[in-house]
1. Could you work out how much longer the chain between L135 and D3 gets when fully extended? Use 0.36 nm per residue separation minus the Cα distance between them, nm to one decimal.
2. When the helices in the chain are scored as -39500 (n - 2.57) per DSSP H run of 4 or longer and the sum is shared across all residues, what 222 nm value do you end up with, to the nearest 500 deg cm²/dmol?
3. Which net charge results when you count Lys and Arg as +1 and Asp and Glu as -1 among the other residues whose beta-carbon is under 15 Å from that of V75?
4. Would you mind giving the average projected area, over all directions, of the Cα convex hull of the chain in nm² with one decimal?
5. Full-extension gain between V75 and D11, please, as 0.36 nm times their residue separation minus the C-alpha to C-alpha distance.
6. On a 0 to 90 degree scale, rounded to 10, what angle separates helix 40-50 from the longest Cα axis of the chain?
7. Only bridges whose two residues both fall in the stretch 4-138 count here: according to DSSP, what percent of them are antiparallel, nearest 5?
8. Using θ = phi - 60° and the Karplus form 6.51 cos²θ - 1.76 cosθ + 1.60, what ³J(HN,Hα) does each residue of the stretch 114-131 get, whole Hz, x for Gly and Pro?
Amino acid sequence: MGDTFLINGLDDLQDAAKWLMAHIGEQRQLAFEGEMGAGKTTFIQAICRELGVTQEVTSPTFALVNEYSGTAGLVIYHFDFYRLNDPTEALDFGLEDYLSSEAMCLMEWSEKIAPFLPEDIFRVYLDVMPDQTRLLRLS
């Protein structure tokens, strides 16, 4: 794939979310990767707005997963696996059920559960550039 979008600041986030939605097709499982502070949660907030979520979108760092309702009954699960010590912990809270559902699954720190991710997961990378802009990469 190799497509990129430069995010110059917060004002570009909604355009970046629209751009991403145009690139994912029917994919419903997205893995967001980037260093701490790259803006994964902030970008997921913009994606949720794009998907019609009206409730507050917050980081599920302690809860591990938050559920939101989007347009036309779309269910969106927002995961944050940062606090997991072992990938099997994700199985304990039903990861397989979430991934096999028809819901949109937006996953931060997905590398922590790599053994359980589907091979065809859509990967989204947020790279912090030297000038503090963000480069959104797809692969």
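1. Contour length minus Cα-Cα distance gives 46.5 nm.
2. It lands at -6500 deg cm²/dmol.
3. My count for the surroundings of V75 gives -2.
4. 8.1
5. Gain on extension, V75 to D11, equals 20.4 nm.
6. 90
7. Roughly 50 percent of the DSSP beta bridges within the stretch 4-138 come out antiparallel.
8. Computed from phi, the couplings for the stretch 114-131 are 3, x, 10, 7, x, 4, 8, 4, 8, 9, 10, 10, 10, 9, 7, 8, x, 8 Hz.
No value in this document is a laboratory result; all are computed from the given coordinates. The model shown is predicted, which means the values in this text are computed figures rather than measured ones. Don't worry about glycine lacking a Cβ; one is built from the backbone with ideal geometry, like all the others, and counts go over all protein chains shown.
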